[in-house]
Each structure stands twice: as structure tokens, then as C-alpha cells.
1. Looking at segment 75-156, which trypsin sites (Lys or Arg not before Pro) are in a loop (DSSP not H, G, I, E or B) and have at most 14 other Cβ atoms within 10 Å?
2. Relative contact order, percent, of the chain when contacts are C-alpha pairs under 8 Å separated by at least 6 residues?
3. Among rounded, prolate and oblate, which fits segment 98-216 when a ≥ b ≥ c are the square roots of the eigenvalues of its C-alpha gyration tensor, a/c under 1.5 means rounded, and a/b larger than b/c means prolate?
4. What helices does the chain hold that run 24 Å or longer along their axis, going by alpha-carbon atoms, with a Kyte-Doolittle average of 1.0 or more, using DSSP H for the helix calls?
5. Say each of V193 and Q110 gets a label point 7 Å from the Cα, pointing the same way as Cα to Cβ; how far apart are those two points in nm?
6. Starting from the 7 Å offset along Cα-to-Cβ, what nm value, one decimal, do you get for the label separation of A125 and T58?
7. Reachable aspartates and glutamates from K68, Cα under 20 Å, same-chain residues fewer than 8 places away excluded?
8. Return the label of the correct value of Kirkwood radius over Cα pairs in Å, as calculated from the structure shown, out of [x] 20.8; [y] 18.4; [z] 19.5.
Amino acid sequence: MPALVSIIVPCYNYGQFLTECLNSVLNQSYKQWECVVVDNGSTDNTAEVVGQFSKKDTRFSYLRTEQKGVSFARNTGIRHSRGHYVLALDADDKLESAFLEKTLKAFEKQPELKLVYSNARLFGASSGEWHLPEYNFKNLLIENSIFCTALYKRSDYDLTKGYNEEMREGFEDWDFWISLLKDGGEVYKVPEVLFNYRIRSQSRNHSIDKERQKKLRQQIFENHNEVYKRYFSISELVYENYLLGLELNQVKTSKEFKAGKTILGPMRYLQNWLKKG
């Protein structure tokens, strides 16, 4: 019997985007799925939208919770799910119709995999292919290179503490990937665009300022302190910072950089003058 995939969709006042999202689930070529929409305290038409889908297809279900953040919503949805595999999907994003089929095939070919995702495309306020660096775990500790919509086994989720519910301002998916992969496990990216990530002018993660980002990164470091110590030493980090400083100084003092500043200077002046006008 084909494996059941549980698609978990947290939603807080995203009713305007939810129809597109759920249609992308409905159109999957792989049919053995359930979709749990977790209404995280919405005040819009979220319940009505989900109701329309669940009337058409009983594979959709609806849970309403207090507004306690996306991690709480995902964990709640997973607790109420039955699938062998789990896929988190934000309510404003979309899957290509072959997403489940092709990510599951990767697991069939390589049972040792822990996580499968794909190439992605941006849409909304920005468009074009989303170019992500290739995965390796050490680089993942420095910067997240995997979006939240990646397929993993429920049994592997159960070995973690789930999505960290203290991380309510962002980066909760990055934190979870570290928890999932810290003790090993292979990751595979399907070399096709199977996921569409919406860019909004006030998207949560894209609007994180430097101070909040610093705070969240510190939180991730503290959550996984032992893992970071396993991969990095203070002396190594200080030396790498020194090398980066040298490289930056060489760029700033190069003839090419100085020539570029000379060329761009009048253009920037004109831009500022036009803005004032």
C-alpha cells in the first residue's frame, strides 16, 4: 500500500492565499495524502476556505488553535496526523503537481535519506528561480539552505522535540533542520522546480532586521551549543574572520573597486537628486 503523506498547513490570517495553496495540494499526482490545516487563531475567512475544500475532499481536515506561533501550529498538526511522511507547507506557498511523487521516489531509491526537497521558484513581489547553495551540514549551521517545505519521515520527527515553540519570530525551520540532522542522515535535492515560494512586501523572514536576526541566531546557537562546538572552534572562527577582513580590504583597495566607485558616483548623485525632486 502506498505510504501516506501528511501535509501540515499552518494558517494565520492567510485566507486570501489559502485557496491557491490547497489547490496545489489537491492537484498532486501522488494521491495518498492527508492535509491538516491548522488555523492559528485567524480572524479572516480561513475556516470558510478550508470548509469548502473539506466538503469536496475528505482528505482535508481543519484544526483551530490559539495564536501561539507557527511552530506550535506545525507540532499540533503533526500530532493530529497519521502519515508515514510529513511535509510542512506555508499557507501562502504552492507545490508543483509532481512534488510528492518525485520526492517520495527519492526516498524509495535511497531509504537512508532523512530529508528531500527540490529546486524552487519565487513568485509574488519577486519572481525567478530561487538559487540555494548546495547542502552540507557544517554550512547549514552557518546559514539555512533548505526552505520549510521538505519531506521527512514521521519516525525521524519523533526522535526530535519537534519545532521549537520558543522561536516565534522566525528561523524555526532552520532550528528544526539542525535538530533533525545533527546526528547524521543524508539530504537530497530533486533537481527540478517543484516548489513555489511567495515573496510578499512584508514577509516575516524577509523583514527581519539586523538586531532581530542577531537575536535569533544567538537563540539557535544556544539551542544547539554542543553541535556548534563539535564543528567549530573559537580559534578557527577568529582566523576565518581575519581572512575575510583581509579579502575585503584587498577588494576595497583594488583599482577595479576604486574605478567602480568613480563611475557609480554620478549615477548615485542623480538618483538622490531625482528622489528629492
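Where a number appears in this text, it was derived from the coordinates with a stated rule and is not lab data. These figures come from a predicted structure and were not determined experimentally. FYI the Cβ positions are ideal-geometry reconstructions off the backbone, even for glycines, and counts take in every protein chain you see.
1. Details: sites: R79, R82, K94, K102, K105, K109, K114, R121, K138, K153, R154; in loops: R82.
Here the sparse-neighbourhood loop sites are R82.
2. On the way: 413 pairs, mean separation 52.3, N = 277.
With pairs under 8 Å counted, the relative contact order is 19 percent.
3. Values: a/c = 1.95, a/b = 1.19, b/c = 1.64.
Note, shape of segment 98-216 comes out oblate.
4. Working: long enough: 234-252 (27 Å, 0.17); 255-276 (32 Å, -0.79).
None pass (Cα extent of 24 Å or more, hydropathy at least 1.0).
5. So the label points at V193 and Q110 sit 2.3 nm apart.
6. According to this spin-label approximation, the distance is 4.2 nm.
7. Partners found: D39, D44, D90, D92, E165, E166, E169, E172, D173, D175.
8. Label [x] holds the value from this structure.
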